[in-house]
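Throughout, read-outs are computed from the coordinates displayed, never taken from laboratory work. Note that the coordinates shown come from a computational prediction; the quantities given were computed from them, not determined experimentally. Neighbour counts run over all protein chains shown; Cβ positions are idealised from the backbone, glycine included.
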Amino acid sequence: MTEAVAEVEVSKEAQKAIDDLLKLSEEDRGVVFMKVLEKTTVLGALGLVKLCEDQWGVSAAAPAAVMAGPAGDAGADEEEEQTAFDVILINAGQKKIAVIKEVRALTGLSLKDAKAVVDAAPKALKEKVDKEEAEKIRAQIEAAGGVVEVK
């Protein structure tokens with residue numbers, strides 16, 4: 001255990017939940033873990049990623065070879081039209097509050113989490129969305145005063 005994880009205080013209720021969870025089968029623990037992640041905010045998930053990186057000394061960044069895809073299909077990929085787009089908030093511009101409100105409306109995040117996303121720009125707002133939705137999001141953020149890139 002690393003010091004960052006070892007210093008986390010666990011309440012009695014949380015320790016009981018951990019003990020009960022460890023009594024479950026591997027498969028059931030996986031199901032419980034996924035259900036908990038479904039209810040976790042983006043910032044909560046980012047915190048979990050950071051804890052995992054610290055705990056096991058790994059990086060959440062995908063290796064370049066995996067991201068590039070198979071070497072033999074390079075020509076075929078160029079011919080296909082891109083169908084999934086990422087919408088990246090570059091910065092909030094001069095109207096930060098309006099952009100925070102728009103990010104909140106688009107993502108369903110709390111006000112605090114939406115502000116954290118805007119403050120952490122450049123940051124992905126939506127990933128793997130179709131072109132129409134990406135352009136709609138871009139228009140809404142730009143109308144609020146933010147700068148957006150669609151990749």
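With the highest mean first, a sort of the peptides 46-57, 140-151, 105-116 on other beta-carbon atoms found within 10 angstrom per residue produces 140-151, 105-116, 46-57. Rounded to the nearest whole Hz, the Karplus-based 3J(HN,Hα) values (6.51 cos²θ - 1.76 cosθ + 1.60, θ = phi - 60°) of segment 31-40 follow the sequence 5, 4, 4, 5, 5, 5, 4, 4, 8, 8, with x at glycine and proline.
Exceedance of the 23 Å cut-off in Cα-Cα distance is limited, within the set Lys16/Lys39; Lys35/Lys131; Lys101/Lys123, to Lys35/Lys131.
Summary of the geometry: segment 32-52 and segment 87-151, compared by the centres of their Cα atoms, lie 21 Å apart. Modelled label positions at Ser25 and Glu149, each set 7 Å beyond Cα in the direction of Cβ, lie 4.7 nm from each other. The 3J(HN,Hα) values that the Karplus relation (6.51, -1.76, 1.60; θ = phi - 60°) gives for segment 114-127 are, in residue order, 5, 5, 4, 5, 5, 5, 8, 4, x, 8, 5, 8, 9, 10 Hz. Gly and Pro appear as x.
Near Asn91, the amide H atoms lying under 5 Å from its own belong to Val147; only residues 5 or more places off or on other chains count, and H is placed 1.01 Å from N. Descending by average beta-carbon neighbour count within 10 Å, the peptides 91-103, 16-28 line up as 91-103, 16-28, the highest first.
Across segment 128-135, coupling constants 3J(HN,Hα) worked out from phi with the 6.51/-1.76/1.60 Karplus curve, θ = phi - 60°, read 6, 9, 6, 4, 4, 5, 4, 5 Hz, and Gly and Pro carry x.
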